[in-house]
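Shown next, in structure tokens, is the structure this report addresses.
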Amino acid sequence: MAIRHQDESITSAAATTSDLRPTVLVFDSGVGGLSVYDEVRQLLPDLHYLYAFDNAGFPYGEKSETFIVDRVVAIVEAITRSYPLSLVIIACNTASTVSLPALRERFAFPVVGGGSGD
């Protein structure tokens, strides 16, 4: 599945499928979060998982905090239009550090980060 955001492609692939299980989104700016996805999936194998990465905005380390927050919130918002999320894991340290407060304010489901101190 590809989601369009501001005329740029954001790729999201469902790893498992079921409408009956809680849906967990693992998000990163690139593919580095796949190790987080693998670890979480091993610990909680019976959940429905989505992995999304922002290949159009990568790398985040060179972007402003405002850009990152606006972009990550918009991406999660776009995904929630297609999937009822139960949990979001921000596996990108940069995105986690700056966007968690805005995500937690905007969405009712839990949002956790992969950065230190989360």
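One residue alone among Phe67, Phe107 is modelled with pLDDT of 95 or more and over 14 Å from the mean Cα position of the chain (by Cα), and that residue is Phe67.
Restricting attention to the stretch 73-118 and to residues that are polar (S, T, N, Q) and not in a loop (DSSP other than H, G, I, E, B), the residue that is nearest to Glu62 (Cα to Cα) turns out to be Thr94. When residues in the stretch 49-87 are screened for being of a type in the set (A, V, I, L, M, F, W, C), within 14 Å of Ser29 (Cβ to Cβ) and either in contact with a Pro (Cβ under 8 Å, 6 or more places away or on another chain) or touching a residue at least 40 places away in the same chain (Cβ under 8 Å) (or both), 7 of them pass.
The values are calculated or read from the model by the stated rules, or taken from the named source; none is laboratory data. Quick caveat: nothing in here was measured; it's all calculated off a predicted structure. FYI the Cβ positions are ideal-geometry reconstructions off the backbone, even for glycines, and counts take in every protein chain you see.
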